[in-house]
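What follows is a short report on a single structure.
Taken together, the values in this text are just the output of simple stated rules run on the coordinates, not laboratory data. As the structure is a prediction and not an experimental result, all values here were calculated from the model. Backbone-built Cβ (ideal geometry, glycine too); neighbour counts: all protein chains shown.
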Amino acid sequence: MITAEKQEVLRWFAEGRKAYKLMDFARARDCFASALKIDKEDGPSRVYYYRCKHYLETPPPEDWDGVFVMKTK
C-alpha cells in the first residue's frame, strides 16, 4: 500500500512531468520542489528539478523532443 505522503509526492511529480513536457520549466521546477518538500530523498523529483533549473538558464531548442542530453560526466 502506498502511503498518503507518497501519493502526494507522485501527484506533484506527475504535474511536474506534464509541465516539463510542455516546456513550462518554471512550473515544472515548482512541482518537483513541492514533491521534494514532502520527501527530500525522492530521486526522480530531484533529477527533474535540476533539469528544469538547467533549462531555465539554457533553454532547449524549440523543436526539443523531451530528451535531456548530458554535456558533462
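Remarks
- Cα-based radius of gyration of the chain once divided by 2.2 N^0.38 Å, which approximates compact folds: 1.12
- Taking label points 7 Å from Cα along the Cα-to-Cβ direction, residue 22 and residue 70 give a separation of 3.0 nm.
- Linear extension gain, residue 46 paired with residue 63, 0.36 nm per residue minus alpha-carbon span: 3.6 nm
- Selection among 44, 13, 54 by position relative to the dipole of the stretch 4-57 gives 54 as farthest towards the positive end (Cβ unit charges, Cα centre).
- Note on 47, 67: ascending count of other Cβ atoms within 10 Å places them as 67, 47, the fewest first.
- Peptides 3-14, 54-65 ordered by average Cβ neighbours within 10 Å, highest first: 3-14, 54-65
- For the chain, the 222 nm mean residue ellipticity estimated from helices alone, with every DSSP H stretch of n ≥ 4 adding -39500 (n - 2.57) and the total spread over all residues, rounds to -21500 deg cm²/dmol.
- Nearest 10 degrees, 0 to 90: helix 25-38 Cα axis against the chain principal axis: 30 degrees
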